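*Asks:* Before we start, here is the structure in question, set down as structure tokens.
Every number here is computed from the coordinates shown, using simple stated rules; none is lab data. Here the structure is a predicted model, which means the values were calculated and not measured. Here Cβ is always computed from backbone atoms with ideal geometry, including for glycine, and neighbour counts include all displayed protein chains.
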Amino acid sequence: MFTVTLKPKRDRPTRQGHPWIFSGAIDSVSGTPAVGEPVVVCAASGEPLGVGAWSPESQIRVRMWRFGSVDPLDEAFFHEKLAAALAVREGMAERFNTNALRIVNAEADGLPGITVDRYGDVLSGQFATAGAEWAKPMVVRALMALTGAKSFYERSDVDGRTREGLPQETGLLAGEEPPERVIIHEGEVRFGVDVRKGHKTGYYLDQRDSRRIVASYAAGRDVLNTFSYTGGFGIAAQQAGAKSVTHVDISAPALEQARANTVLNGFAEDSATFIQGNVFHELRAFRDRGRSFGLVILDPPKFAETRSQTMKALRGYKDVNLIGIKLVEKGGWLATFSCSGAITPELFRTVVAEAARDAGRTLRIVQELRQAPDHVEALTFPEGLYLKGLLCHVE
Ligand code: SAH
């Protein structure tokens, strides 16, 4: 293996178990490693610190696979890591009454760049980095053996691949072609998941807990489910006894699936309202018509891809929350989220507080919400907390 030597005093994060080494921390490389190839990482003194994956195109030049040992990486290494990831999730399917879980959560599971979701018998995975791409065949073999899944579908159509100098790739990696829609359930609520064309790996498993919690506030209320995707929060609310449900999303295929999911749960197709449009415009249209709702859900996409976009993202969150809050009737509820890793929970609270002040309303947080527990966080990798939300009473 080639050796990457760090600059003096730049070895602290690696010694503390942080998986990323930025280009600026590197002093020298002993040769020209191939894209994704494992490299030995050494402190300036020459002391070996572990093994990572070489990403020559990325600012994150090395992502650590193992710490404290420089043994080469082989099939057994990945088998063991993946078995450990599955062990963390032991019993979760039963505990959360679901057949859909995130089984590999990248850095947080010690497997940088590798994300795998399980939808029933189908695995759907993203290999976002050069190292992940290098490890892909071993990961696929190990996971098929460990899980007994029938299919492994690849959804490496992620922006991060471009930063790594990798092409986008999708398609069957192992087993049989998955069905057009995999039917999953979260408690009693059922959803059809399109692993080929759906967002990310097909569905947003990270909101599982929040869908259940928020739905428990829906009975007897008019519910506005913005950024609805395939209906998630709204259908859960409908099943929990909402008086009415209005879904808003910009994506026609997402809303088509939301309709199908409504029917899948035993409701008539016209039992909910589906609006295809830009949430920023549709919320203003509701406001101008004097419409209000007893429960408003705001679950926008990532407004900040990187830290440098934080200011722009904050304006987006402020705007959507300001109008969203205005639409909540007195004594109603707001569930508001941010999935931008660059926005910390504290910053998000500040933005919602500003929006509430500008809307002239009083909000009280009854619960802070987070990504579901199968989206584990490593204590050594705080960047892994990306999804946070606030469930608020609105006066
Ligand atoms: N709440 C969903 C996940 C939402 S993901 C769930 O629980 O499954 C974000 C969604 O926002 C995507 O479906 C995307 O199509 C939609 N979207 C992005 N920008 C939008 C905009 N400006 N107006 C309306 N929808 C938008």
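*Asks:* Which semi-axis lengths, in whole Å and largest first, follow from the square roots of five times the eigenvalues of the Cα gyration tensor of the range 204-394?
*Replies:* In descending order, the three semi-axes are 24, 20, 16 Å.
*Asks:* Which values, in whole Å and largest first, are the semi-axes of the equivalent ellipsoid of the range 101-198 obtained as the square root of 5 times each eigenvalue of the Cα gyration tensor?
*Replies:* On the way: eigenvalues 98, 41, 35 Å².
Taking √(5λ) for each Cα gyration eigenvalue gives 22, 14, 13 Å.
*Asks:* Work out the charge dipole of the chain with +1 on the Cβ of Lys and Arg and -1 on the Cβ of Asp and Glu about the Cα centre, then indicate which of ALA93, ASN278, LEU327 is farthest towards its positive end.
*Replies:* The listed residue farthest towards the positive side: LEU327.
*Asks:* Moving on. Starting from the range 31-98, pick out the chymotrypsin sites (Phe, Trp or Tyr not before Pro) whose DSSP state is loop and whose Cβ has at most 15 other Cβ atoms within 10 Å. Before the final figure, lay out the partial values.
*Replies:* Details: sites: TRP54, TRP65, PHE67, PHE77, PHE78, PHE96; in loops: PHE96.
Those that pass, being in a loop and sparsely packed, number zero.
*Asks:* Only Cα pairs within less than 10 Å get springs; with that Gaussian network setup on the chain, which residue of LYS330, LYS312, LYS200 has the largest fluctuation?
*Replies:* Highest fluctuation of the listed residues: LYS312.
*Asks:* If each residue's Cβ is checked for other Cβ atoms within 10 Å, how do HIS375, HIS199 rank with the fewest at the top?
*Replies:* Listed from fewest to most nearby Cβ atoms, that is HIS199, HIS375.
*Asks:* Moving on to the next point. Please identify the trypsin sites (Lys or Arg not before Pro) of the range 1-89 that satisfy two criteria: DSSP loop assignment and at most 10 other Cβ atoms within 10 Å. Which are they?
*Replies:* The qualifying sites are LYS9.
*Asks:* Please report PHE303, PHE233 as a ranked list, fewest other C-beta atoms within 10 angstrom at the top and most at the bottom.
*Replies:* PHE303, PHE233
*Asks:* So for ASP121, ASP249, fewest C-beta neighbours within 10 Å to most, what's the order?
*Replies:* Exposure proxy ranking, most exposed first: ASP121, ASP249.
*Asks:* List the residues, sorted by chain then number, that are 5 or more residues from ARG102 or on another chain and whose placed amide H is less than 5 Å from its amide H.
*Replies:* ARG118
*Asks:* Determine Rg/Rh for the range 2-67; Rg is computed over alpha-carbon atoms and Rh is the Kirkwood hydrodynamic estimate from the same atoms.
*Replies:* Values: Rg = 10.1 Å, Rh = 11.2 Å.
Here the Rg-to-Rh quotient is 0.90.
*Asks:* Here is a follow-up. Mind checking which aspartates and glutamates have their Cα closer than 13 Å to the Cα of LYS7? Skip sequence neighbours fewer than 8 apart in that chain.
*Replies:* ASP27, GLU47
*Asks:* Only bridges with both residues in the chain count here: give the DSSP antiparallel percent, nearest 5.
*Replies:* In the chain, approximately 65 percent of DSSP beta bridges are antiparallel ones.
*Asks:* Whole-Hz ³J(HN,Hα) for each residue in the range 294-301, computed from phi via Karplus 6.51 cos²θ - 1.76 cosθ + 1.60 with θ = phi - 60°, x for glycine and proline: what do you get?
*Replies:* x, 8, 10, 10, 10, 10, x, x
*Asks:* Mind pulling the per residue volume of the convex hull built on the Cα atoms of the chain? Å³ is fine.
*Replies:* Enclosed volume per residue, from the Cα hull, is 132 Å³.
*Asks:* Sum -39500 (n - 2.57) across every DSSP H segment of at least 4 residues in the chain, then divide by the residue count to get the 222 nm mean residue ellipticity, nearest 500.
*Replies:* Numbers: 11 runs with 115 residues, N = 395.
Counting only the DSSP helices, I get -8500 deg cm²/dmol.
*Asks:* Another question about this same structure. Given +1 on the Cβ of Lys and Arg, -1 on the Cβ of Asp and Glu, and no further charges, what dipole in debye does the chain carry about its Cα centre, rounded to the nearest 20?
*Replies:* For the chain, the charge dipole is close to 1240 debye.
*Asks:* Further question on the same structure: For the range 204-394, what proportion of DSSP beta bridges, expressed in % and rounded to the nearest 5, is antiparallel?
*Replies:* Numbers: 14 of 32 bridges.
Around 45 percent of the beta bridges assigned by DSSP in the range 204-394 are antiparallel ones.
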